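The values are calculated or read from the model by the stated rules, or taken from the named source; none is laboratory data. Keep in mind that what you see is a predicted model, and the values were worked out from it rather than measured. Cβ placement follows ideal geometry from the backbone for every residue including glycine, while neighbour counts extend to all protein chains displayed.
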């Protein structure tokens, strides 16, 4: 799955690890945002207050859709049609004539939010995507940005201004923007209503931070230099981001000396304060903990703890306590997993690591065996909410001893506020760095997980092809994703999808992070491109695999562009590079063939992958974000390789493999060793989409060698007479 880190931290999905494959709602095609969005404004449904998030949580499937689908099938049968047309030239795969899921009308929500902003004397309010742990994926209770804006993508920031010159309390006015990255431009234009304007990160000249400061500065000037405040929940933004914001404000106010802008913490979350007026306020899950034994973790908590403390003593000799904030870091360190956030096997917690004790702050229940494990490991468990009082008392104690508390870089502003800016030091979390390097057990298990998922995807793609081309069935995108989940559930140690399955046909595949709606999902058209980006959570490991298929006869353009994407994928996989190289330095390798034709894609090329943990794992990545320079790739990293190409309104192409980084023992240049990639994904490429004439002999050999490995690894788990066996044999045959 294409991914990167956004401007406020890491990169929300709406179902539990053991639930369905995806539930976010689609929007009417052509819906656009405000002034910067272009196109016609979307007319909201009358009295509509249901957000896509609420509709998806309820999992409703409209009877209208079912009736219309049955009517189309009956019409086909009555006419004796062998084709997939209803006789009028209209494709039955199009859902244009079926009532789409409604967008959220945000008018009343924004009005109520601005009332709360007035209570706190705010001119601008910021609503990030992240939770208080700076998580990329968040629980339903933390999807505040989705609630207030209607945009359901996993990354973005909503900014709302209140017109301080308008004194009509009954009609609070202002502006609202949604800023997101290139993966979500299309989706945002479809989901945002007329109240919102889209700010495209990396393309529009104004950033969302600049927009907020400009709005506040202009209001301050209009009010004769009165203070205008920009507010945010201090738990939802990193302190590093705050310092950057304050620097931007100083620069702006120095240019316009009569304006007065302040960035302030608002401890009452204003979205939470109004949420219940429109729909039931979601409650965070608090599920049972899972303990991973050494056959899955490969290293005990005691050994991990010792490593972390050793690194801390070298980094900060005066450090007495380390506060672990990121949920996946806590899970990795303790060899525990949870299921509090959809697709992510994590639980809500904070951790204080000291030389003589470990304090875990969580409300999650655990069984007798874990209780014994805690006792043996000298882990004290306290209520989740007590972290703040403990940090405050610890800060006071450390000040008296002239000691420091270490906190991870990117920690929430609220932690710094509690520590009073005096007794802490920000560091790169050693837990994050250690977690990204897999040990031998994790690597062995990752290979096993890839074979399991290879079996599942062979069965799924064979089933889907037969349904569409042999049985002439009507299969919608969402039902197909459900079938894939059903197949995966047959595998031992399967714990759910690793993210919401992207099952997309035709033009939907051009929406980079598209997810099929529960209601009125498009029918998969075998005459068009089908893109499936999906992943699994096994106890053995986490997978993330994308394959783009065509079930009939693709166009020459589709074949050629797919081959360009494939060539970039293969080139990156072949790369041998010196140790110390970061993903920022090698991103161009995957893009070179597209660039030769004037083509590109608006997402990173790769992201780290956890070990039965988050599918997007920092700090490594392959992409064009400058921060990646600071994190060289290492042996033991598992990282995705996913170049793509997307033609808006027509089709999308992406090929994603998971790669293991290892030492190339045969190469050395002075003191420098060399690293190489190994593709551990076990799913063949689509033969129909490969233009063999565009491949070099080296590339053909690379594909044939890979396909032999896929065949030899997967075939033993398939019945010889099954359609999956036949599909795999055909797709892995030599070019």
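Surrounded by fewer than 16 Cβ atoms within 10 Å (Cβ to Cβ) and under 30 Å from residue 334 (Cβ atoms): does that describe residue 630? Give the steps one after another, and end with the answer.
Values: surrounded by fewer than 16 Cβ atoms within 10 Å (Cβ to Cβ): yes; under 30 Å from residue 334 (Cβ atoms): yes.
It is true that residue 630 is surrounded by fewer than 16 Cβ atoms within 10 Å (Cβ to Cβ) and under 30 Å from residue 334 (Cβ atoms).
Of the conditions (1) closer than 24 Å to residue 565 by Cα; (2) more than 20 Å from the chain's Cα centre (by Cα); (3) at pLDDT below 95, residue 519 clears all except one; give me its number.
Result: residue 519 passes all but (1).
Within the bounds of the stretch 80-98, is there any residue that is at positive phi, in contact with a helix residue (DSSP H, G or I) (Cβ under 7 Å, 6 or more places away or on another chain), modelled with pLDDT under 95 and not assigned by TED's automatic domain parsing to the domain that holds residue 209?
Looking only at the stretch 80-98, we keep the residues that are at positive phi, and these are 80, 87, 89.
If we keep only those that are in contact with a helix residue (DSSP H, G or I) (Cβ under 7 Å, 6 or more places away or on another chain) as well, we get 87.
If we keep only those that are modelled with pLDDT under 95 as well, we get 87.
Remaining after also requiring not assigned by TED's automatic domain parsing to the domain that holds residue 209: 87.
Scanning the stretch 80-98, I find at least one residue that is at positive phi, in contact with a helix residue (DSSP H, G or I) (Cβ under 7 Å, 6 or more places away or on another chain), modelled with pLDDT under 95 and not assigned by TED's automatic domain parsing to the domain that holds residue 209, so the answer is yes.
Going by what's in this entry, would residue 485 be described as modelled with pLDDT of 95 or more and closer than 23 Å to residue 341 by Cα?
Details: modelled with pLDDT of 95 or more: yes; closer than 23 Å to residue 341 by Cα: yes.
Yes, satisfied.
What is the residue count in the stretch 589-602 for residues that are modelled with pLDDT of 95 or more, part of a loop (DSSP other than H, G, I, E, B) and touching a strand residue (DSSP E or B) at 6+ places or on another chain (Cβ under 9 Å)?
3
For the stretch 237-266, which residues satisfy the criterion of being modelled with pLDDT of 95 or more, within 21 Å of residue 138 (Cβ to Cβ) and out of contact with any helix residue (DSSP H, G or I) (no Cβ under 8 Å at 6 or more places or on another chain)?
Listed by number, the list holds a single entry, 266.
Of 420, 425, 467, which residue is in the same structural domain as residue 350 (by TED's automatic domain parsing) and out of contact with any helix residue (DSSP H, G or I) (no Cβ under 8 Å at 6 or more places or on another chain)?
Exactly one of 420, 425, 467 is in the same structural domain as residue 350 (by TED's automatic domain parsing) and out of contact with any helix residue (DSSP H, G or I) (no Cβ under 8 Å at 6 or more places or on another chain), namely 425.
Checking the structure you have, find out if any residue of the stretch 198-207 is over 22 Å from the mean Cα position of the chain (by Cα) and outside any loop (DSSP other than H, G, I, E, B). If you could, list the steps in order and put the result at the bottom.
Quick first cut of the stretch 198-207, residues over 22 Å from the mean Cα position of the chain (by Cα) only: 204-206.
Add one more test, that the residue is outside any loop (DSSP other than H, G, I, E, B), and what stays is none.
No - not one qualifying residue is present in the stretch 198-207.
Is it fair to say residue 546 is in contact with a strand residue (DSSP E or B) (Cβ under 8 Å, 6 or more places away or on another chain), farther than 22 Å from residue 632 by Cα and assigned by TED's automatic domain parsing to the domain that holds residue 667?
Working: in contact with a strand residue (DSSP E or B) (Cβ under 8 Å, 6 or more places away or on another chain): yes; farther than 22 Å from residue 632 by Cα: yes; assigned by TED's automatic domain parsing to the domain that holds residue 667: yes.
When the stated conditions are applied, residue 546 passes them.
Of all residues in the stretch 603-633, count the ones that are over 14 Å from the mean Cα position of the chain (by Cα), within 23 Å of residue 138 (Cβ to Cβ) and not in a strand (DSSP E or B).
Number of matching residues: 5.
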